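The values are calculated or read from the model by the stated rules, or taken from the named source; none is laboratory data. This is a predicted model, so every value here is computed, not measured. Don't worry about glycine lacking a Cβ; one is built from the backbone with ideal geometry, like all the others, and counts go over all protein chains shown.
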Amino acid sequence: MEKKVRVGVIGCGAIGRDHIRRLVGLVAEVDVVAVADFVPEAAQKVAAQYGITCYATGEALIAAPEVDAVLITSADPSHAGYVLECLKHQKYVFCEKPLAQTAADCEKIMQAELACGKRLVQVGFMRRFDRGYAAMKQRIAEGKLGDPLMIHAAHRNVSQAPGFETDYAITRVAIHELDISRWLLDDEYATAQVLPVRQSKATRGEWLNPQMVMLTTQSGQRIDIEVQTDGAYAYDIQCQVVCENGIVNLPDPAAVVTRTGAKCSFDILTDWSQRFIEAYDIEFQQWAQAVLNNRLTGPSTWDGYAACVAADAVMLSRKTGKPEPVNMIEKPEMYR
Ligand code: NAP
């Protein structure tokens, strides 16, 4: 590989364009050299903007000799196929979440990566690179607070794009909490459940909103996640870890505090892309460095699989009305 990682991007929608801007402007170790999109005009526009090659298909981009590593930012159902194609070519691949639509597809990716003999896949669980979550994990690891016992979390959204469905609240929205909670607790899930909640009149569609997701871990910790997908007062992400001797809270993003008229207030963001903007920057800077060092350390295929198995169990529980086991295969050595 050359000194810089030559990256091809599949998917030139909202986050694809944002990540290209980020890679070009902030990540010195990367050259973005190619794009592809289901919508040819979307890719052609970005290719013209940056003076890079536009491929007719994702498969052609992956096979291109000028592409060392691939960034997948296309729609969810296309992720698994492209990741498998990258592994066929033994190329590094950064896949936006979710890694796949089902746990079974994640297992196929795991088998293909194991056959390559080294980690090539990183999943876009960017919250692990957020300074607030990272500080929480460090505080817990210091041990003074004792063992973590519970997590109370909330994911509150202002709106959704047309076509949103009940399951997307789990596979696209709460998938971030499914990842970050097991990362903070350093444990795997045992059961998952979704509880019925009085529904919000603010929902502009037919999907269930809010939903209350409950999980237990293998060591008996409990996690509750409030998922509001529409009509919330802001894009507000909350997380509190309750430990034996105290609690740790996720800090709010820095905001000016105003005191006037016998009131004290600060603004809360409404846009998800702004809330974790620095986490995305750090995520890609570390990924590029890891690719150059030939040693990935960020969220792995196993992490993508674990979140997917938990999501599958949550969705099954909505049908059965009871907690469902989160049954995972044995963790391969490569991901330990
Ligand atoms: P988007 O604006 O709809 O963009 C996706 C683009 O990919 C669209 O142009 C879409 O075309 C295209 N596409 C769909 N299927 C494709 C295929 N098979 N091959 C190539 N291109 C294809 O969506 P987005 O908001 O950017 O999200 C993209 C991905 O990033 C999603 O998987 C999402 O879950 C993930 N994401 C992650 C985060 C995060 O916080 N980590 C945040 C936002 C999004 P059509 O319009 O014709 O479908």
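Pairs meeting the criteria (first residue in the stretch 310-335 and within 16 Å of ARG222 (Cα to Cα), second residue among the aliphatic types (A, V, I, L, M) and assigned to a loop (DSSP other than H, G, I, E, B), beta carbons under 7 Å, at least 6 apart or on different chains) are ALA310/VAL326; ALA313/VAL326. The criterion of at least 1 residues that are away from the ligand (no atom under 16 Å from the Cβ) is met, among helices (runs of 4 or more DSSP H) falling completely within the stretch 1-107, by 14-26, 40-50, 79-88.
Within the stretch 260-285, residues that are within 21 Å of PHE94 (Cα to Cα) sit with their Cβ atoms under 6 Å from residues that are at pLDDT 95 or above and away from the ligand (no atom under 15 Å from the Cβ), at 6+ positions apart or across chains, in these pairs: ASP281/LEU26; PHE284/VAL27; GLN285/VAL27. Scanning the stretch 125-149 for residues that are in a loop (DSSP other than H, G, I, E, B) and free of Cβ contacts under 8 Å to residues at least 40 places away in the same chain yields a single hit, GLY143.
May I ask you to list the residues in the stretch 273-296 that are part of a loop (DSSP other than H, G, I, E, B) and among the hydrophobic types (A, V, I, L, M, F, W, C)? I'd like the intermediate steps shown before the answer.
To start, the set of residues in the stretch 273-296 that are part of a loop (DSSP other than H, G, I, E, B) comprises 276, 293-296.
Of everything in the stretch 273-296, those that are part of a loop (DSSP other than H, G, I, E, B) and among the hydrophobic types (A, V, I, L, M, F, W, C) turn out to be PHE276, LEU296.
Taken together, ALA161, ALA202 contain a single residue that is out of contact with any helix residue (DSSP H, G or I) (no Cβ under 9 Å at 6 or more places or on another chain) and free of Cβ contacts under 8 Å to residues at least 12 places away in the same chain, which is ALA161.
Could you say whether any residue in the stretch 249-272 is charged (D, E, K, R), within 16 Å of the ligand (Cβ to nearest atom) and either assigned by TED's automatic domain parsing to the domain that holds ALA310 or not in a strand (DSSP E or B) (or both)? Checking the stretch 249-272: at least one residue is charged (D, E, K, R), within 16 Å of the ligand (Cβ to nearest atom) and either assigned by TED's automatic domain parsing to the domain that holds ALA310 or not in a strand (DSSP E or B) (or both).
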